[in-house]
Structures are given as C-alpha cells and as structure tokens.
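The values are calculated or read from the model by the stated rules, or taken from the named source; none is laboratory data. Since we're looking at a predicted model, the values are computed, not measured. Here the Cβ positions follow ideal geometry from the backbone for every residue, glycine too, while neighbour counts run over all protein chains shown. Only protein heavy atoms, including side chains, enter the accessible area calculation; ligands, DNA and RNA are left aside. Shrake-Rupley method; radii C 1.70, N 1.55, O 1.52, S 1.80 Å.
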Amino acid sequence: RVLLAAAVVAALTGGAAGVAGAALTPGREAAPAPLPRSAAGPVTVLGGLSGVAARVLPSVVSIEAAGGTGSGFVIDAAGHILTNAHVVSGGTRVTAVLHDGRRVTARVVGSEPDDDLAVLEVDGAPGLTPAVLGRSRDVAVGDQVLAVGSPLGLSGTVTSGIVSAVGRLVPLSNGRLRAVQTDASINPGNSGGPLVNARGEVIGVNTAILSRRGGGSIGIGFAIPIDRAAAVAERIIRN
C-alpha cells in the first residue's frame, strides 16, 4: 500500500481537502514569480555526500502542524517554503523549525491538494537559505540522490540512495501522480522534504512510500518531480 509519509494516521487518511487556502484567489493578475532554477544540465559527476548534505541542510525545515509533523524547504529569499499539502492539511498557520533551531510561525499561502503541494511563508526570520532547484527532466535512473527531512521528528536527517525509476505512476488519496522513485530511506515525517541530486539541487519533493503492513521504509519511496512542483509553487505565490 502506498502511504503518505506524514507522521500521523490523520494525515494519511484525512486527505488534503480541508487545507485552508486551497482555493486560490480568482480574478487577480500579478507579475510572474519564477523561482530560480539550475541550468547545469544532467549530473555526470559524483561528489562527496557530506559536502552535498552540508549545502542542502540549511534550506530544510521541520514543520509542526495540527495533524502531525513533516518537512519542507526554503525556495526563495522572500521566505516561502514548499511542502506537501497533506502535512499542513486543516490549518492556516503552522510552526517551522529552521536548521539553526529557531522556531517561527509560518502562514499557509495556499495549497493544491491534487498535486499534494503547499506553500508557506515566514516573516521576521532573516538569514533564510533558499535551496537550489534542479530540473527533474534531467534525472536518470541510477543517479545518486539524498533525501533530507525530519523522519519521526528527527530533524536534519539525511539518507542516500539512487533514482530507481522515473515517471512512476503512483496512486495517492487525491488521484495519481507521475513520480520519481528512489530507494533512499523515506519515513513518516519526511513528507515535503527535498530529494536532491549529487550537486545538492532539489529534483523532487518527497511525498509517499510503498510499505508493508505496519509502515516504515522498505526502500520504495516517491517524490513529486521538481519541474511540476516548482510550477505549482510559482502559481500559488503569484495568486
């Protein structure tokens, strides 16, 4: 069975239909807010994983919401954080725990439950480090990856693996998703955290695992491709 990688049953079975801010404000035009993207192309070299982790960790946050805990990552200098919709389902404000231990209140800007994505915004938290977004269309089976997040509340946890498949069709509570499959260990609480390549660029948003009865990672995890996730995030921020 496929489980959303949140920490509580409510987040797994309740869906994201009740997420505050899910309906974006219609009829208002705004200037596009494109997120910065890498232009480096396919990854052809492998670097030290400790160096990759050091580059990514300052961008990753733990999220504490009414329904449980999850992960997210900073996507721009304006204080926007990308996570899964099911992590923040049912709330308008959550707590984000930054890499340096600061606890800040984050507002749910909006979410798209069908894509299981949500954008948060924090105010008054200087020194945020945006993650570098890669291009999931450059991802190939066998690429080395790291999953970063807060499984079971253990913030700053890094696990490694490879891309097991691309374009994998995964059934979720709100439909089906073409996902990046990885054997990097993903567990409850990793939801919304980044899957990064060997350059430390985000290539996916960790969102679900295939698990036997009882839960826990068996080496089959799924991430929303960043090309899709970035487009959704830009649309939420713009509206």
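The rows are residues; the columns are (1) out of contact with any Cys (no Cβ under 9 Å at 6 or more places or on another chain); (2) open to solvent by 10 Å² or more (accessible area, probe 1.4 Å); (3) over 15 Å from T157 (Cα atoms).
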| position | (1), (2), (3) |
| --- | --- |
| L57 | yes, yes, no |
| V61 | yes, no, no |
| G72 | yes, no, no |
| G79 | yes, no, yes |
| T95 | yes, yes, yes |
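Counting only strands (runs of 3 or more DSSP E) that sit wholly inside the stretch 170-214, those with at least 1 residues that are surrounded by fewer than 24 Cβ atoms within 10 Å (Cβ to Cβ) are 175-182, 202-210. The listed residues are R228, R176, and the only one of them that is of a type in the set (D, E, K, R) and either touching a residue at least 40 places away in the same chain (Cβ under 8 Å) or within 17 Å of P58 (Cα to Cα) (or both) turns out to be R228. Summed over the stretch 100-114, residues that are open to solvent by 20 Å² or more (accessible area, probe 1.4 Å) and either touching a Cys at 6+ places or on another chain (Cβ under 6 Å) or in contact (Cβ under 8 Å) with a residue 60 or more places away in the chain (or both) total 4. Out of the stretch 81-103, which residues are over 15 Å from the mean Cα position of the chain (by Cα) and over 23 Å from A53 (Cα atoms)? Matches in the stretch 81-103: G90, G91, T92, R93, V94, T95. Of everything listed in (1) touching a residue at least 40 places away in the same chain (Cβ under 8 Å); (2) part of a strand (DSSP E or B), the single unmet condition for E64 is (1). Do we find a residue being in contact with a Leu (Cβ under 6 Å, 6 or more places away or on another chain), in a strand (DSSP E or B), at pLDDT 95 or above and within 16 Å of V232 (Cβ to Cβ) anywhere in the stretch 75-84? For the stretch 75-84, residues in contact with a Leu (Cβ under 6 Å, 6 or more places away or on another chain), in a strand (DSSP E or B), at pLDDT 95 or above and within 16 Å of V232 (Cβ to Cβ): present. For the stretch 215-235, a residue qualifies if it is aliphatic (A, V, I, L, M) and either surrounded by fewer than 21 Cβ atoms within 10 Å (Cβ to Cβ) or part of a loop (DSSP other than H, G, I, E, B) (or both), and the qualifying residues are I218, I220, A231.
Does T182 qualify as being farther than 13 Å from G161 by Cβ and hydroxyl-bearing (S, T, Y)? Considered against the rule, which asks whether it is farther than 13 Å from G161 by Cβ and hydroxyl-bearing (S, T, Y), T182 comes out as no.
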